[in-house]
Amino acid sequence: MPGVDIVIPDMSYLIKNKHKIKGVVITHGHEDHIGAVGYLLKEINTPVYGAKLTLGLLESKLNEMGLLTTAKLNIIDSSTKISIGCFKLEFIPVNHSIPDTYAVAIISPVGIILHTADFKIDFNPVNEKVTDLNRFSELGSRNVLLMMADSTNATKEGHSMSEKAVGDSLDNLFRKALSRIIVASFASNIHRIQQVLNLSEKYRKKVCIFGYSMRNNIKKSIELGYIQVKKGVIIEDFEIKNYKSKDMVFIVTGSQGETNSALSKVAFKKHPKISIEKNDLVIISASVIPGNEKFLYRVINELFKNGANVIYQTLNEVHASGHAYRQELRLLLTLVRPKYYIPVHGEFMHMESNAMLAMEMGMNENNIFLLENGDIMNVYSNRIAVEDRINVGASFIDGSGVGELGDDVLKERVILAQDGILNVSVVLDKSERTVKAEPVIIAKGFMYEKESDDIIRKIRIMLNEDIEKYTKTSMSISELQNSIKKRLRTYLYQETKRNPVVLPVIMEV
Ligand SMILES: [Zn+2]
Ligand SMILES: [Zn+2]
């Protein structure tokens, strides 16, 4: 998707049904949950409900979009009970890879609908309590009509690793480090950042933070009380020179190998403040999101070449997933005992796996539903069923601020990128119907150097033929333009097996 910076869901169905929307409830502050909220509020300024950290992170985004003063933000926590339309909502704290994540129980007129949010059950969490299993079991005793549960890790047997165990692995690495330590992680992984800060305090190291989102999130989290750190542990970049290498820790963005991130710049010697020194230890404390492997491995290779030692997930337990494994899903199903079950969050294969698990646990196959985006599930007191469908898709946002791009703009960009462009300019004398100057031909991105001379010569001949026709007949300018376009496209396809954009520009003087 050339030139597209953000892909968000197509919201036309919501906009069409604006009058029915009473509010937006956000379970946690991850990008895949808050990233598009601003674009929705721009169209429908409905109340938003979320926990303190979730709304804190959202506020920065709304501020950048100029929506902060008009947005109606409402903070919720585990004791909040609110009514939205005919629904009553309760929030149950769960563990995840960001603090302040809540499952949502929707008490509807036909029964209780429970959405687990992204969750895991961490018996040794950092800075928070274990997923509130009592509340889930209490909801179970009130009869849950429908549960929708996170499927991300439904293919993985066993129990997800505890955040505390990651801390132990990191402690080992910190203890043995010979020189500087560079930790790359998701900027939203507040628990992980807290552990790195704790270890830095423990081993009397100073911490410097690089990367826009990392600095922003840490600042916000300290402000809101989600990160605790002693004064003087975090230092600014100009103070680094006052400390020995083995006393320095850097927390950076770039755990996915993103080109403009701090870690990537360090690896490719483009960072203005730090470069790799011998014996540096780089810890990539994140899992690589499928599709990003190539980018991350390029960065890892470069770090090794520069003399660093790099620790990543496959080598060491330096990351724990934020999503429940199969044992955790079984535990939740046992506590809640819903009548109907819809696996959510994950690829179709993960949801399928989650559905199989529920069946293995004795749930009736007819009570489990696998949905696709766009399916409308109607919920009644005695049955649930997909009874309608809407069109869904994606909207493409160009970061330069021009706003939403149509499908055709994107298609054009793909053609330009893959097949190139041919531009021919012709200057004609309008009154005398003659050529004022030799046509200019510019070809970009579809020919080899050595074949281009022949092709350009042939294009010139064809152009002259068309122009001659124009000078000798009553052909109009637009007819001339169309003829040039058509003939050149056919010819170029024959010669190059490509379909470049052909752009004839005819100027009349
Ligand atoms: Zn999440
Ligand atoms: Zn998510």
Segment 163-311 - convex hull of the alpha-carbon atoms, volume per residue in Å³: 103
Do you know the relative contact order of segment 108-244, to the nearest whole percent, from alpha carbon pairs under 8 angstrom that are 6+ apart? 22
How would you classify segment 244-290 from its alpha-carbon gyration tensor, with a ≥ b ≥ c the square roots of the eigenvalues: rounded for a/c under 1.5, else prolate if a/b is greater than b/c, otherwise oblate? oblate
Rounded to one decimal in nm, the spacing of the 7 Å Cα→Cβ label points at LYS202 and LYS246 is 1.9
Quick one: pull the percentage of alpha-carbon pairs in the chain with a separation above 34 Å. 52
Roughly speaking, what is the stretch gain from LEU331 to LYS497, that is 0.36 nm per residue apart minus the C-alpha to C-alpha distance, in nm to one decimal? 53.9 nm
Run through the DSSP bridge list for segment 420-508 and note the antiparallel percent, rounded to the nearest 5. 50
Which length gain, in nm to one decimal place, applies between LYS469 and ARG433 when the Cα-Cα distance is subtracted from 0.36 nm times their residue separation? 11.9 nm
For VAL233 and LYS164, compute 0.36 nm times the residue count separating them, minus their Cα-Cα distance, and round to one decimal in nm. 22.7 nm
What percent do you get for the relative contact order of the chain when only Cα pairs under 8 Å and 6+ apart count? 15
Test item: Cα-centred dipole of the chain, Lys/Arg +1 and Asp/Glu -1 on Cβ, debye: 1140
Expected sort for 262-268, 43-49 on mean C-beta neighbours within 10 Å, highest first, is 262-268, 43-49
Per DSSP H run of n ≥ 4, the term is -39500 (n - 2.57); total these for the chain, divide by its residue number, and report the mean residue ellipticity at 222 nm rounded to 500 deg cm²/dmol. -11000 deg cm²/dmol
In nm, the gap between the two label points placed 7 Å beyond Cα toward Cβ at ASP453 and TYR212 is 4.7
Cα gyration tensor shape of segment 335-399, rounded if a/c is under 1.5, else prolate or oblate by comparing a/b with b/c: oblate
In terms of the alpha carbon gyration tensor, root eigenvalues a ≥ b ≥ c, rounded if a/c is under 1.5 and otherwise prolate when a/b exceeds b/c or oblate, segment 420-508 is prolate
Percentage relative contact order, segment 1-139, counting C-alpha pairs under 8 Å, at least six apart: 18
Please report Rg over Rh for segment 49-103, where both radii come from the alpha carbon positions and Rh follows the Kirkwood definition. 1.02
Quote the FRET efficiency, to the nearest 0.05, computed for SER137 versus LYS294 with a Förster distance R0 of 56 Å and r equal to the Cβ-Cβ distance. 0.80
Using alpha carbon positions and the Kirkwood radius, the Rg to Rh ratio of segment 89-193 is 1.09
What distance in nm lies between label points placed 7 Å from Cα along the C-beta direction at VAL379 and LYS18? 2.7
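Bear in mind that the values in this text are calculations on the coordinates, not laboratory data. What you see is a predicted model; the values in this text were computed from it and never measured. Virtual Cβ from ideal backbone geometry, glycine too; neighbours counted across all protein chains shown.
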